[in-house]
Amino acid sequence: MADPHQLFDDTSATAPGRGYAAQQSPPVGYPAQGSFLAEPMSSFAMTYGSTLASHGKEIVDKNIDRFIPVTKLKYYFAVDTVYVGKKLGLLLFPFMHQDWQVRYQQDTPVAPRFDINAPDLYIPVMAFITYILVAGLALGTQNRFSPDILGLQASSALAWLIVEVLAILLSLYLVTVNTDLTTIDLVAFSGYKYVGMIVGIVSGLLFGKTGYYLLLSWCCLSIFVFMIRTLRLKILSEAAAEGVLVRGAKNQLRMYLTMAIAALQPLFMYWLTYHLVR
């Protein structure tokens, strides 16, 4: 019951939210304290982060292009299904092919998908991977499969490829051959032999050693002819330009070098496959 002598109402028991805290809240329409600093700082951080990321990307791209020619590698992977089919046919049946000259457009070789004679890296890379898988299958059928053996097979094949390319580069330097062959070209040409190696291993799995030796011999002969007819236009460029063999000791060395590179391919094909067929 209210006191009749009380002049004012007691407001000390008001509902929550209507006391001192409510009196201290900012009026409607005004930002909270510190929001003036939060928004500029967040926008500055986002701008600085995007600038730093773009600058870092430029630095990475420059360093990658310095050590790994990404732009050049794109050229060697510019293939399509038609090119791959024709190139595989050329690697296995090179005897009837006549025009081995690489086509150029404004002093730049056209992309492989437009020229079957242009070297590419797609077929060598895929053939190398397939060779490792087929080797694992062959080892599995003989109860000799293990990850260590398969890893040794892959590392051995890769090591021999590197040794082969380095030996060819050293030979070209010693013979002083002026050629437009690049290291990537040599890797591509040296990697084509894996196609014949796959054919040899698969035939060995299906038909035994007789099928292995028959088809591998065919593939060895095919890659030998392919390498001779391809590299003679690169290494014997002077003779190819004149249409006749240029006589002289220097040109004989170039011719021997061409034949030696071509002869290496069958040796490696047999060395890397003979133990996989029993």
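When residues in region 256-278 are screened for being in contact (Cβ under 8 Å) with a residue 40 or more places away in the chain and either part of a helix (DSSP H, G or I) or more than 15 Å from Leu216 (Cβ to Cβ) (or both), 11 of them pass.
Picking from residues in region 154-175 that are under 20 Å from the mean Cα position of the chain (by Cα) and open to solvent by less than 20 Å² (accessible area, probe 1.4 Å), the one that is nearest to Phe128 (Cα to Cα) is Ala157. Scanning region 107-131 for residues that are at pLDDT 95 or above and in a strand (DSSP E or B) yields no hits at all. Taking the stated definitions as given, is Val134 in a helix (DSSP H, G or I) and either charged (D, E, K, R) or loosely packed, with under 12 Cβ neighbours inside 10 Å (or both)? No. Only one residue in Thr230, Thr210 is under 24 Å from Tyr256 (Cβ atoms) and assigned to a helix (DSSP H, G or I), so which one is that? Within the list Thr230, Thr210, the selection yields Thr230.
Among residues of region 81-108 being in contact with a Pro (Cβ under 9 Å, 6 or more places away or on another chain) and over 18 Å from Phe224 (Cα atoms), the one that is surrounded by the fewest Cβ atoms within 10 Å (Cβ to Cβ) is Arg103. Here the condition is being closer than 15 Å to Leu276 by Cα, open to solvent by 10 Å² or more (accessible area, probe 1.4 Å) and either over 27 Å from the mean Cα position of the chain (by Cα) or at pLDDT 85 or above (or both); of Val246, Val199, it holds for Val199 alone. When Asp115, Asp120 are checked against the criterion of being open to solvent by less than 100 Å² (accessible area, probe 1.4 Å), in contact (Cβ under 8 Å) with a residue 24 or more places away in the chain and not hydrophobic (A, V, I, L, M, F, W, C), Asp120 stands alone in meeting it. Summed over region 67-106, the residues that are among the small types (Gly, Ala, Ser) and not in a helix (DSSP H, G or I) give a count of 1. Of all residues in region 138-157, none satisfies being within 25 Å of Lys234 (Cα to Cα) and either of a type outside the set (S, T, N, Q) or at pLDDT below 95 (or both).
Looking at region 256-269, which of the residues that are surrounded by 16 or more Cβ atoms within 10 Å (Cβ to Cβ) and within 26 Å of the chain's Cα centre (by Cα) is farthest from Ser203 (Cα to Cα)? The extreme case among them is Ile261.
Within region 176-196, the set of residues being more than 21 Å from the chain's Cα centre (by Cα) and surrounded by 14 or more Cβ atoms within 10 Å (Cβ to Cβ) comprises Val177, Thr179.
The values are calculated or read from the model by the stated rules, or taken from the named source; none is laboratory data. Since we're looking at a predicted model, the values are computed, not measured. In this analysis, Cβ positions are derived from the backbone assuming ideal geometry, glycine residues included, and neighbour counts consider all displayed protein chains. For accessibility, only protein heavy atoms count, side chains too; no ligands or nucleic acids. Shrake-Rupley method; radii C 1.70, N 1.55, O 1.52, S 1.80 Å.
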